[in-house]
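Asker: I have a structure I would like to understand better, so I am pasting it below and will then ask my questions one at a time.
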Amino acid sequence: MKQKALIFAMFVFCFYVSAYSQSMNVLNYVNELGNRKQAYFGDVVKLIVLDMGEKTLGFESDLSVLNAHNKIAVGYNLNENAPLRKGAAARLIARYLHLTDSLMYNIFGTERYAFRACVAAGVMIADGSEWDYVSGEELLEIMRRVANISGI
């Protein structure tokens, strides 16, 4: 009986150490991202996966998670290290949050109208255009708003 209790205690300990390690990795990543002048496509993919409550296991795995969830990342030249533009981030976010209030976005589904839909939903600020690059700090602020809307 003591042996089973000891095994259970070790399992619980390992689970909490693993969860703590994952959260520390996320905190380090967010810290590093906030200091970058340029965010990348892989960053927004990772942050959406984390917002979904899933564990991030690398870019390809994260894409699989997004595509299994309403085909969020379908239709992109999927390069993890491509500089992130507001339009690409907006299109992923609009698909993730199911933003359907914009008639033009519903008809065309382009980055331009996804950006406008995100502005209307309060996710993004209307300064600039869908072609502007996103900094790490700006991406974190956008994802904070996404997390508030998604409620996950």
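The values are calculated or read from the model by the stated rules, or taken from the named source; none is laboratory data. Please read all numbers here as calculations on a predicted model, not as lab measurements. Cβ coordinates were reconstructed from backbone atoms using ideal geometry, including for glycine residues, and neighbour counts include every protein chain displayed.
Asker: Do we find a residue being in contact (Cβ under 8 Å) with a residue 60 or more places away in the chain and either out of contact with any strand residue (DSSP E or B) (no Cβ under 6 Å at 6 or more places or on another chain) or among the acidic types (Asp, Glu) (or both) anywhere in segment 125-135? Lay out the reasoning, then the answer.
Answerer: First, the residues of segment 125-135 that are in contact (Cβ under 8 Å) with a residue 60 or more places away in the chain: 133-135.
Now narrow it down to the ones that are either out of contact with any strand residue (DSSP E or B) (no Cβ under 6 Å at 6 or more places or on another chain) or among the acidic types (Asp, Glu) (or both): 134-135.
Within segment 125-135 (the criterion being in contact (Cβ under 8 Å) with a residue 60 or more places away in the chain and either out of contact with any strand residue (DSSP E or B) (no Cβ under 6 Å at 6 or more places or on another chain) or among the acidic types (Asp, Glu) (or both)), the answer is yes, since at least one residue qualifies.
Asker: Right, another one. Give segment 81-94 a look and list any residue that's among the hydrophobic types (A, V, I, L, M, F, W, C) and either on the phi > 0 side of the Ramachandran plot or without any contact (Cβ under 8 Å) to a residue 40 or more places away in the chain (or both), or say none. Spell out the reasoning first.
Answerer: Filtering segment 81-94 for residues among the hydrophobic types (A, V, I, L, M, F, W, C) gives 82, 84, 88-90, 92-94.
Across segment 81-94, the qualifying residue is only 94.
Asker: Then there's this: Considering only residues that are outside any helix (DSSP H, G or I) and either farther than 13 Å from residue 44 by Cβ or among the aromatic types (Phe, Trp, Tyr) (or both), which ones fall in segment 129-152?
Answerer: 129, 130, 131, 132, 133, 151, 152, listed by residue number.
Asker: Is there a residue being among the β-branched types (Val, Ile, Thr), under 27 Å from residue 30 (Cβ atoms) and not in a loop (DSSP other than H, G, I, E, B) anywhere in segment 116-127? Quick ask: steps written out before the conclusion?
Answerer: Start the filter on segment 116-127 by keeping residues that are among the β-branched types (Val, Ile, Thr), which leaves 119, 123, 125.
With the extra rule that they be under 27 Å from residue 30 (Cβ atoms), the set shrinks to 119, 123, 125.
Narrowing further to those that are not in a loop (DSSP other than H, G, I, E, B): 119.
Checked segment 116-127: at least one residue is among the β-branched types (Val, Ile, Thr), under 27 Å from residue 30 (Cβ atoms) and not in a loop (DSSP other than H, G, I, E, B).
Asker: List pairs: first in segment 139-152 and under 15 Å from residue 37 (Cα atoms), second buried (at least 18 other Cβ atoms within 10 Å of the Cβ) and among the small types (Gly, Ala, Ser), Cβ under 6 Å, 6+ apart or cross-chain?
Answerer: 139/39
Asker: Another one. Taking residue 89 as the residue in question, decide whether it is within 20 Å of residue 64 (Cα to Cα), assigned by TED's automatic domain parsing to the domain that holds residue 46 and modelled with pLDDT of 95 or more. Full working, then the answer.
Answerer: Numbers: within 20 Å of residue 64 (Cα to Cα): yes; assigned by TED's automatic domain parsing to the domain that holds residue 46: yes; modelled with pLDDT of 95 or more: yes.
So residue 89 passes the test.
Yes/no matrix, rows are residues, columns are (1) at pLDDT 90 or above; (2) in the same structural domain as residue 127 (by TED's automatic domain parsing):
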{"site": "16", "(1), (2)": "no, no"}
{"site": "62", "(1), (2)": "yes, yes"}
{"site": "75", "(1), (2)": "no, yes"}
{"site": "99", "(1), (2)": "yes, yes"}
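Asker: Of the residues 63, 78, 57, which single one is assigned to a loop (DSSP other than H, G, I, E, B), farther than 25 Å from residue 126 by Cα, free of Cβ contacts under 8 Å to residues at least 24 places away in the same chain and out of contact with any Ser or Thr (no Cβ under 6 Å at 6 or more places or on another chain)? Steps first, answer last, please.
Answerer: Numbers: 63 fails: assigned to a loop (DSSP other than H, G, I, E, B); 78 fails: free of Cβ contacts under 8 Å to residues at least 24 places away in the same chain.
Within the list 63, 78, 57, the selection yields 57.
Asker: Looking at segment 46-83, which of its residues are within 18 Å of residue 111 (Cα to Cα), over 10 Å from the mean Cα position of the chain (by Cα) and surrounded by 17 or more Cβ atoms within 10 Å (Cβ to Cβ)?
Answerer: 72, 73
Asker: Give segment 98-115 a look and list any residue that's in a helix (DSSP H, G or I), under 18 Å from residue 75 (Cβ atoms) and of a type outside the set (S, T, N, Q), or say none. Walk me through it before giving the result.
Answerer: Step one: list which residues in segment 98-115 are in a helix (DSSP H, G or I), which gives 103-108, 111-115.
Checking the rest, the ones that are also under 18 Å from residue 75 (Cβ atoms) come to 104-108, 111-115.
Answer for segment 98-115, where residues must be in a helix (DSSP H, G or I), under 18 Å from residue 75 (Cβ atoms) and of a type outside the set (S, T, N, Q): 104, 105, 107, 108, 111, 112, 113, 114, 115.
Asker: To continue, here is another question. Return the pairs, sorted by first residue and then second, in which the second residue is hydroxyl-bearing (Ser, Thr, Tyr) and assigned to a loop (DSSP other than H, G, I, E, B), the first residue lies in segment 95-108 and is farther than 19 Å from residue 63 by Cβ, the beta carbons are less than 8 Å apart, and the residues are 6+ apart or on different chains.
Answerer: 106/100
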